[in-house]
Amino acid sequence: MAGTFKFELVTPERMLLSEDAAQVVVPGVEGEFTVLAGHAPVVSALRPGVVDAKLGDSRTVRVFVKGGFAEVDAERLIVLAERAIDVAAMDAAGIAAELQTA
């Protein structure tokens, strides 16, 4: 697909997502950054926050990540998260608890 790149979200337990994406916002320790197709190579540590991905088929996925690393090159983004939880499956109390422990 034109204008997309491979996006993989991995935790120690399993691969949560492996899809083509048009855009992904990543919570880096030095601030959020947006990854698009053709992005310059970057490696960043992650802070607790939400990875917001617009997939190639127009779906949007939001996943809370708690630490880890992101590796970007022109053709792919790999997020290696210590922990990842689908935001749609969380309630306000769960989000507050995760942020508190982070």
Residue within the stretch 35-43 that is open to solvent by less than 80 Å² (accessible area, probe 1.4 Å) and under 18 Å from Val87 (Cβ atoms) present: no
Output for the stretch 74-85, where each listed residue is open to solvent by less than 80 Å² (accessible area, probe 1.4 Å) and over 19 Å from Glu32 (Cβ atoms): Ala74
Within the stretch 49-66, tally of residues that are surrounded by fewer than 17 Cβ atoms within 10 Å (Cβ to Cβ) and over 18 Å from Phe5 (Cα atoms): 1
The stretch 1-44 - residue that is among the hydrophobic types (A, V, I, L, M, F, W, C), assigned to a loop (DSSP other than H, G, I, E, B) and touching a strand residue (DSSP E or B) at 6+ places or on another chain (Cβ under 7 Å) and, of those, modelled with the lowest pLDDT: Met1
Leading residue by the ranking (nearest to Thr34 (Cα to Cα)) among those in the stretch 3-19 that are exposed (fewer than 15 other Cβ atoms within 10 Å of the Cβ) and touching a residue at least 24 places away in the same chain (Cβ under 8 Å): Gly3
The stretch 70-102 - residue that is acidic (Asp, Glu) and within 10 Å of Pro48 (Cβ to Cβ) and, of those, modelled with the highest pLDDT: Glu82
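The values are calculated or read from the model by the stated rules, or taken from the named source; none is laboratory data. Just so we're clear, the structure is a prediction, and the values are computed from it rather than from any experiment. Ideal geometry is used to build each Cβ from the backbone, glycine not excepted, and the neighbour counts take in all protein chains shown. Please note that ligands, DNA and RNA were not included when accessible areas were found on the heavy atoms of the full protein model with its side chains. Shrake-Rupley method; radii C 1.70, N 1.55, O 1.52, S 1.80 Å.
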